[in-house]
Amino acid sequence: MEFALVHPALKAFMCGSLSGTCSTLLFQPLDLVKTRLQTLQSGVSGASKVGMVTMFLNVVRTEKLLGLWKGVSPSFVRTIPGVGIYFSTYFTLKQHFVQEKSPGAMEAMLLGGGARTVAGVLMLPVTVIKTRFECGRYSYHSVSGALRSVCQAEGPGVLFSGLWATLLRDVPFSGIYVMFYSQTKAALPTELSQSVSAPLYNFSCGVMAGVSASLITQPADVVKTQVQVNPQLRTVQAISHIYTEHGVQGFFRGAVPRLLRRTMMAAMAWTVYEQMMAGVGLKS
């Protein structure tokens, strides 16, 4: 079957999947360091002083350089279809509700949040496994083995632990990101948005949007990580646990590596996605 005959939503899925592959491989170490910082026990000597660089060096020293890519397998299993689902849902919603005109601020927020809700719920089991891989507390050897182990030992319901915390993090992040990104792009002069440097300007818009969205949703990310690593905790219990052990600053543990990773991944994914969509003759 010729690519030209492929359904537009499937093209968007393929473009989204490809756009997420390179960024996942490139920024996995930042995600691992972020997860380790968020799950560091307060009773560990000097835990409050451990920062991103210290954790990075500790992982390299104890687990070698490749240890920084621990969890990359579930990251790929989650990201490749997950980003594809996100962009194909976004494209479908945009075509159905916005069509040819550029979305306004509220429309962009609803489009981004709606697409992330669908992708987040469908990919949550793999997200749980990914978080456990990265935290270093579980001895899983493969994604399929981890899924099987969790279902047998803890029940399949655990694979959806942290659902609300995940949605409270991802839906606002995506909504805020798409709103800032689309509005910043719309404010660019036409000659810039249509020039050969357009991908660079799009990437810059994505970076600004990513920083804003990451900072606003950081507390929800810490809560999500705690619930998925400690499934006996509910969302409210996790919030209490974090505050009791680390205080208010505990909700911002791992903020720097997460901000770097989420910002760069989102900016790269959207830039590559839009260029690929233009290349196959579709407006993203």
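The values are calculated or read from the model by the stated rules, or taken from the named source; none is laboratory data. Because the structure is a prediction, the values reported are computed rather than measured. All Cβ positions, even for glycine, are placed from backbone atoms using ideal geometry, and neighbour counts span all protein chains on display.
Here is a check on your reading of the model: is Ala220 among the hydrophobic types (A, V, I, L, M, F, W, C), surrounded by fewer than 19 Cβ atoms within 10 Å (Cβ to Cβ) and either modelled with pLDDT under 90 or under 25 Å from Ala115 (Cα atoms) (or both)? Against the criterion (among the hydrophobic types (A, V, I, L, M, F, W, C), surrounded by fewer than 19 Cβ atoms within 10 Å (Cβ to Cβ) and either modelled with pLDDT under 90 or under 25 Å from Ala115 (Cα atoms) (or both)), Ala220 does not qualify. When the residues of region 147-174 are filtered to those that are surrounded by 23 or more Cβ atoms within 10 Å (Cβ to Cβ) and not acidic (Asp, Glu), the one that is farthest from Ala255 (Cα to Cα) is Ser161. Which residue pairs have Cβ atoms under 7 Å apart, sit 6 or more places apart or on different chains, and have a first residue in region 227-240 that is in contact (Cβ under 8 Å) with a residue 24 or more places away in the chain and a second that is surrounded by fewer than 16 Cβ atoms within 10 Å (Cβ to Cβ) and of a type in the set (Asp, Glu)? Here the result reads Pro231/Glu154, each pair linking region 227-240 to a residue that is surrounded by fewer than 16 Cβ atoms within 10 Å (Cβ to Cβ) and of a type in the set (Asp, Glu). For region 241-268, filtered to residues that are surrounded by fewer than 18 Cβ atoms within 10 Å (Cβ to Cβ) and of a type in the set (S, T, N, Q), the residue that is nearest to Thr92 (Cα to Cα) is Gln249.
Yes/no per residue for (1) among the hydroxyl-bearing types (Ser, Thr, Tyr); (2) modelled with pLDDT under 85; (3) out of contact with any His (no Cβ under 9 Å at 6 or more places or on another chain):
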{"position": "Met1", "(1), (2), (3)": "no, yes, yes"}
{"position": "Ser17", "(1), (2), (3)": "yes, no, yes"}
{"position": "Ser23", "(1), (2), (3)": "yes, yes, yes"}
{"position": "Phe27", "(1), (2), (3)": "no, no, yes"}
{"position": "Val33", "(1), (2), (3)": "no, no, yes"}
{"position": "Ser42", "(1), (2), (3)": "yes, yes, no"}
{"position": "Val60", "(1), (2), (3)": "no, no, yes"}
{"position": "Leu65", "(1), (2), (3)": "no, no, yes"}
{"position": "Val72", "(1), (2), (3)": "no, no, yes"}
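If you go through region 116-145 and pick out every residue that is more than 23 Å from Pro29 (Cβ to Cβ) and touching a residue at least 60 places away in the same chain (Cβ under 8 Å), you end up with 0. Just one of (1) assigned to a helix (DSSP H, G or I); (2) farther than 26 Å from Pro172 by Cα fails for Arg137. It is (1). Look at Thr271 and say whether it is in a helix (DSSP H, G or I), of a type in the set (Val, Ile, Thr) and buried (at least 18 other Cβ atoms within 10 Å of the Cβ). Yes; evaluated as a whole, the condition is true for this residue. Scanning region 146-168 for residues that are touching a residue at least 60 places away in the same chain (Cβ under 8 Å) and not in a helix (DSSP H, G or I) yields a count of 3. In region 116-130, the count of residues that are touching a Pro at 6+ places or on another chain (Cβ under 9 Å), farther than 27 Å from Val33 by Cα, surrounded by 23 or more Cβ atoms within 10 Å (Cβ to Cβ) and not acidic (Asp, Glu) is zero. A Cβ distance below 7 Å, combined with a sequence gap of six or more or placement on separate chains, defines the contacts here; from region 256-284, residues that are free of Cβ contacts under 8 Å to residues at least 60 places away in the same chain reach residues that are part of a helix (DSSP H, G or I) and among the β-branched types (Val, Ile, Thr) in the pairs Leu259/Val211; Thr263/Val207; Thr263/Val211.
Filtering Lys185, Lys101 for residues that are out of contact with any helix residue (DSSP H, G or I) (no Cβ under 7 Å at 6 or more places or on another chain) and either outside any helix (DSSP H, G or I) or free of Cβ contacts under 8 Å to residues at least 40 places away in the same chain (or both) leaves a single hit, Lys101. Among residues belonging to region 218-236 that are outside any helix (DSSP H, G or I) and of a type outside the set (A, V, I, L, M, F, W, C), point out the one that is farthest from Arg169 (Cα to Cα). So the residue we want is Gln232.
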